Amino acid sequence: MPEKTLKPAPRPHFALIFLLLITAVLLLSAFGHNHRAFWSQWARNSHHTGRVYIDGQPLNRKLTDIVYDPFTTQEKNENEAIYGESVLTAHYMSTLIDSDSFYMIQKTGKYINCKPVGQWYYGAQCGPNTWNYLIWNVARYNWQNGSPVLAWMFASDWKPPTNATNIDQGFPGLLGWEPVFHPALANGYLYSPGASGTLWKVDLQTGQYVAHINPFAAISINPAATFVSSPLTAAADGSIYYTTLELSTTGNPWGWKDIVGAWFVKVSPDDSSATVTYRTLTPGAPASGSLDCPGFFYNENDLPWPPSPDAEPINNRCGSQRPPLNLAPAVAHDGTIYTASMAHFNMQETYFIAVNPDLTLKWSRPMKHILKDGCGVLLPIAPQGVTNMPNSCRYGTAIGVSPATNHYGNAYLSDQASSTPTVLPDDSVVLGTLDDYNYSRGHLVHFDRKGNFLNAYTFGWDNTPAVYQHDGTYSLVVKDNHYPVPAYCYFNNPVCTAVPAVYYVSQIDPHMNVEWSFQNTNYTTTNPWGYEWCVNAPVIDKKGIVYVTSEDGHVYSIPQGRTGVFTTPLQKIFLLEALGAAYTPMAIDHSGQEYSQNNGHLFVIGK
């Protein structure tokens, strides 16, 4: 046989190698842009569940203290002059967390003090009436050697909707409750609210914007009167959802001047955008000029209400449907987006809304007359002839109705809250609301995926519950404040008697039954009933440990495995000061460090 000839080894094909390298880089880049941040938005994810699957660190010490709002002393001084308390009426964003970096608001600019203090309440152009002079920045911090180091700061041109309080003219406006500025992390970028309903798309490494996205480029709006009115919600596919509002510039925008427009907005990962009006999303709502929205009784001489078993209150003006401020959309597992709507002049005329990803309406359900736990359930019905029983309904009143309307209760929405829908593991959804008869506690309303009302829990004020999945089911963790106020009226009348306060964090099952309640018993001479819970979005770790903030200035960790009412936490740590605490959310990073807020300071807590 002839000898076999050995062929030389093939030489590398450098063009092919280069092509493969470029492909690998592009794939890595694409992977990076699809990377989901550990804590990307309000209540961590687009379902708003507030749950992490790592162990939270012990609350042993404060690891860092960052001042993000340097104006809190001035803000509280303006409120103390009006309300008699040094309270901080602001909503602040949740800390956003991605790997070894975190992102937080940083307020700069100029705060205009009132002279004399408190005159903003009477229409003066100072204090909250001029918060447009402030600047809302997003600051990125990188952890280096156990300390956060400022990497960059992006200055947004976003401004909150106008406060416009003028009690002398009968206009409460927003009463100094500063709306939330809330960006989100998605697609490998930071998305920040901007002016006039726009978004800024910001490079995470440089802090420079790479796109300015304007969904209203082809829509006739007044840019100076149009606002991003909600936190940004980042869906699993990278789409960003939020709400916008255009206010009137003639007269008081919260008084008798209707809004000009309201839109639900979608921005896709490729920066394209789409909008739909809230008028389209609420086809069954009364017309904006209608006088057919719910009214309530108002005459002190008619107490206890209702004035008679068949009394009817006079209806009120409606106004256009619009989103309440601070309510972040929620996205279900099938891509359905949940939001809510209220009439501009009547917060009793409300709707829970499900929207398809293409922004067509899936369903819209009125939240009027859905609550049936008023007279004879939460409130006693007075015996015949008795008109001075505290917090009672008149003899002969129908079971379940609200004494203020003589109809089943309405679930209200409020611009002073930050309640946000939470999508549950069974694809049902809950939302915190107010009402007019439950001692200012409100209700957490519960709908199934088809829009059927299921049930409600008797606390809803400024509350986004956290979800604890366990043992084939789930539980909800809610703050559960019982305030020292009357049930439904504030006259100098025995019927309008305040009740003692008690402050719980409660865990409830899907049927709204209480599984356990942790009571805050930090009593002081100034707060003989204890301090309310000021967390508006709790956190739950892998073991089910609950992390919450209290107005007493502490962060508490609450263990699972107990029943009934208990008063001993797993741990607690004092942050900065009691009272003066705004309603704030919590967050946890991938190492289990807790991020909490007090008096305009961001604290990171751990072992």
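Cysteine residues of the chain whose Cβ has no partner cysteine Cβ closer than 4.7 Å: C534.
The translational diffusion coefficient of the range 219-259, from Stokes-Einstein at 25 °C and 0.890 mPa s with a Kirkwood hydrodynamic radius over alpha carbon pairs, comes to 206 µm²/s.
Note on the range 481-607: antiparallel DSSP beta bridges, both residues inside, total approximately 85 percent of the bridges counted.
Grouping the Cα pair distances of the range 324-483 into 5 Å bins from zero gives a pair-distance distribution of 2, 9, 17, 20, 18, 14, 9, 5, 3, 1, 0, 0 percent in increasing distance order. Treating each Cα of the range 513-587 as an identical point scatterer and summing with the Debye formula, the log10 of I(q)/I(0) at q = 0.17, 0.19, 0.26 Å⁻¹ comes to -0.65, -0.81, -1.37.
Rounded to the nearest 20 debye, the dipole size of the range 526-585 about its Cα centre is 340 debye, using +1 on the Cβ of Lys and Arg and -1 on the Cβ of Asp and Glu. Mind grabbing the base-10 log of I(q)/I(0) for the range 110-169 at q = 0.23, 0.25 Å⁻¹? Debye formula, identical points on the C-alpha positions, no solvent, two decimal places. For the range 110-169, the Cα-only Debye profile gives -0.87, -0.95.
Spin-label model, N452/Q169: points 7 Å from Cα along the beta carbon direction are separated by 4.9 nm. Since only L281, I219, A236 are under comparison, the one whose Cα sits farthest along the positive direction of the charge dipole of the range 164-300, derived from C-beta charges on Lys, Arg, Asp and Glu, is I219. Normalised by 2.2 N^0.38 Å, where N is the number of residues, the alpha-carbon radius of gyration of the range 481-533 equals 1.39. Scanning the chain for GluC sites (Glu not before Pro) that sit in a DSSP loop and have at most 16 other Cβ atoms within 10 Å, the longest stretch containing none of them is 86-576. Each eigenvalue of the Cα gyration tensor of the range 230-335, multiplied by 5 and square-rooted, gives one semi-axis; in descending order these are 36, 17, 12 Å.
Within the range 35-179, the percentage of alpha carbon pairs spaced more than 25 angstrom apart rounds to 41%.
Summarising the strand pairing of the chain, around 95 percent of its internal DSSP beta bridges are antiparallel. Over the C-alpha atoms of the chain, the Rg to Rh ratio, Rh being the Kirkwood estimate, stands at 1.02. Based on the Stokes-Einstein relation at 10 °C and a viscosity of 1.306 mPa s, and on the Kirkwood radius from alpha carbon pairs, the range 365-425 is assigned a translational diffusion coefficient of 120 µm²/s. Would you please classify the overall shape of the range 421-556 from the alpha carbon gyration tensor, given that a ≥ b ≥ c denote the square roots of the eigenvalues, rounded means a/c under 1.5, and beyond that prolate means a/b larger than b/c while oblate covers the rest? Here the range 421-556 falls in the oblate category.
Only the Cβ atoms of Lys and Arg (+1) and of Asp and Glu (-1) were treated as charged; on that basis the dipole of the chain about its Cα centre amounts to roughly 1220 debye. Separation of the range 364-416 and the range 450-470 by C-alpha centroid, Å? Centre-to-centre (Cα) distance: 21 Å.
For the range 186-291, the equivalent ellipsoid derived from the Cα gyration tensor has semi-axes of 29, 16, 10 Å, listed largest first. For K266, the lysines whose Cα falls under 25 Å of its own Cα, not counting residues fewer than eight places away in the same chain, are K159, K201, K362, K450.
Axis of helix 14-34 versus longest Cα principal axis of the chain: the two differ by about 10°, to the nearest ten degrees. The Rg/Rh ratio for the range 294-410 is 1.11, where Rg is the radius of gyration of the alpha carbons and Rh is the Kirkwood radius.
Taken together, the values in this text are just the output of simple stated rules run on the coordinates, not laboratory data. The shown structure was predicted, so the numbers you read here are calculated from the model rather than taken from an experiment. FYI the Cβ positions are ideal-geometry reconstructions off the backbone, even for glycines, and counts take in every protein chain you see.
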